[in-house]
Amino acid sequence: MGKQRILSGIQTTGALHLGNYLGAIRNWVELQKEYDNFLFMADLHAITVPHDPAKLAENTFKVAATYIACGIDPERSTIFVQSHISAHSELAWLLNCITPLNWLERMIQFKEKSIKQGENVSIGLLDYPVLQAADILLYEPDQVPVGEDQKQHLELTRDIATRLNFQYGAEESPILKIPEPLIRAEGARVMSLTDGSRKMSKSDPSEMSRIELLDPPEVIQKKIKRCKTDPIRGLTFDDPERPECNNLLGLYTLLSNQSKESVAAACRDMGWGQFKPLLTEAMIETLRPIQQQYQTLLAEPGHLESVLRQGREQAEVIANQTLAKVKTALGFSIPL
Ligand code: TRP
């Protein structure tokens, strides 16, 4: 049997942060040893909220460089740009026509994001999960590693595929493969530095709420110095009254590659004044090689371009096969 296939992506709105790294990219790096990885930059999703055309392509390129700088190896993973493969948009349209509107109206992420957009909510924002379903289903992955917050989108993807198979396929030979979510361990959920009960997010207006992967050491130091804590001495995990404390200890655990138990024991009697420099140091040291590698990659754009070209060629073959299968099942004539 060949390797199982994994597919995942990140929306290319703005610079990637520590939550993207610890929650997603670092897991992909591990997974590429055992799986056949398909990883992409979701630039079509980036325009579901207002965007700056002058920055779109640049952001996509930077996210690609960040993937590789974090250890995604183009020899072992297929790295590609969503908008380079038109099958994503095309399958999304076909899936739109079999997806009931009320399935989309109840998506939590849509409700949250649309509150922020007020009157300007686009159809694209509502349709975001259908495009995501197309992204996934095109590659027939066995597993889709995503954060807890994407679980609902994964369930929707499975529901859409099941519905298409039921309406247009035969039981013995399903048209689309139903993917399994691979939800990472709770510990890898990185929260905001200014509010420990909210996820670290690119869309938080305050830069102090997140550590970007390209933040220089002095910026990291400043952000940790000012991050939200509490006046209690002795640091503990899992106290519901102390979400910031849990988050910062969790971050330290991941960054220093220690077990939760040993961090808990080491920090039990510490105050913030003692802990913060340790956390700062671990962060700077983790990000240093990533930042160096990133600079090297950006200095050599030709290399990155060829990685993306090759990724596109590999991904397109598979995407087009699945798209043709769906079009045939729906009754379209396929041009010869
Ligand atoms: N929605 C994901 C995010 O917010 C990005 C994404 C788009 C994705 N398409 C996907 C993730 C397909 C996994 C699979 O980061």
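The values are calculated or read from the model by the stated rules, or taken from the named source; none is laboratory data. Values in this document were obtained by computation on a predicted structure and should not be read as measured data. Neighbour counts run over all protein chains shown; Cβ positions are idealised from the backbone, glycine included. Areas reflect the complete protein model, heavy atoms only, side chains present, ligands, DNA and RNA absent. Shrake-Rupley method; radii C 1.70, N 1.55, O 1.52, S 1.80 Å.
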On the basis of being without any contact (Cβ under 8 Å) to a residue 60 or more places away in the chain, at positive phi and outside any helix (DSSP H, G or I), does Asp238 make the cut? yes
Are any residues in region 133-149 under 27 Å from Met200 (Cα atoms) and touching a strand residue (DSSP E or B) at 6+ places or on another chain (Cβ under 8 Å), and if so, which ones? Asp135, Ile136, Gln143, Val144, Pro145, Val146, Gly147, Glu148, Asp149
Scan Ala315, Ala329, Ala324, Ala266 and give me the residue that is part of a helix (DSSP H, G or I), within 26 Å of the chain's Cα centre (by Cα) and surrounded by 13 or more Cβ atoms within 10 Å (Cβ to Cβ). Ala315
Scanning region 116-126 for residues that are part of a helix (DSSP H, G or I) and hydrophobic (A, V, I, L, M, F, W, C), the one farthest from the ligand (Cβ to nearest atom) turns out to be Ile123
Of everything in region 252-274, what is among the aliphatic types (A, V, I, L, M) and without any contact (Cβ under 8 Å) to a residue 12 or more places away in the chain? Give them in sequence order. Ala265, Ala266
Considering only region 269-283, state which residues are open to solvent by less than 20 Å² (accessible area, probe 1.4 Å) and in contact with a helix residue (DSSP H, G or I) (Cβ under 8 Å, 6 or more places away or on another chain). Phe275, Leu279, Thr280, Ala282, Met283
Matching residues in region 98-112 - criterion: being open to solvent by 50 Å² or more (accessible area, probe 1.4 Å) and either more than 20 Å from Tyr168 (Cβ to Cβ) or modelled with pLDDT under 95 (or both): Asn102, Glu105, Arg106, Ile108, Lys111, Glu112
Of the conditions (1) aliphatic (A, V, I, L, M); (2) over 15 Å from Glu212 (Cβ atoms); (3) assigned to a helix (DSSP H, G or I); (4) within 15 Å of the ligand (Cβ to nearest atom), Val49 satisfies every one except a single condition; which number is it? (3)
Looking at Ser89 and the list (1) over 17 Å from the mean Cα position of the chain (by Cα); (2) at pLDDT 95 or above; (3) away from the ligand (no atom under 16 Å from the Cβ), which single condition is not satisfied? (3)
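Yes or no, residue by residue, for (1) out of contact with any Asp or Glu (no Cβ under 8 Å at 6 or more places or on another chain); (2) aliphatic (A, V, I, L, M); (3) away from the ligand (no atom under 16 Å from the Cβ):
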site: Gly2; (1), (2), (3): no, no, yes
site: Leu22; (1), (2), (3): yes, yes, no
site: Gln32; (1), (2), (3): no, no, no
site: Asn37; (1), (2), (3): yes, no, no
site: Ala65; (1), (2), (3): yes, yes, yes
Note on region 222-278: residues hydrophobic (A, V, I, L, M, F, W, C) and farther than 19 Å from Met191 by Cβ are Ala265, Ala266, Met270
State the number of residues belonging to region 98-139 that are in contact (Cβ under 8 Å) with a residue 24 or more places away in the chain and charged (D, E, K, R). 4
Collect the residues in region 127-172 that are within 12 Å of the ligand (Cβ to nearest atom) and not in a helix (DSSP H, G or I), keeping them in residue-number order. Tyr139, Pro141, Gln143, Val144, Pro145, Val146, Gly147
For region 284-300, how many residues meet the condition of being open to solvent by less than 60 Å² (accessible area, probe 1.4 Å) and among the hydroxyl-bearing types (Ser, Thr, Tyr)? 2
Filter result for the condition that a residue is modelled with pLDDT under 95 and polar (S, T, N, Q), over Asn20, Asn59: Asn20
Which residue out of Leu91, Leu22, Leu56 is in contact (Cβ under 8 Å) with a residue 12 or more places away in the chain, surrounded by fewer than 17 Cβ atoms within 10 Å (Cβ to Cβ) and in a helix (DSSP H, G or I)? Leu56
Scan of region 1-13 for residues that are in contact (Cβ under 8 Å) with a residue 60 or more places away in the chain and surrounded by fewer than 17 Cβ atoms within 10 Å (Cβ to Cβ), ordered by number: Gln4
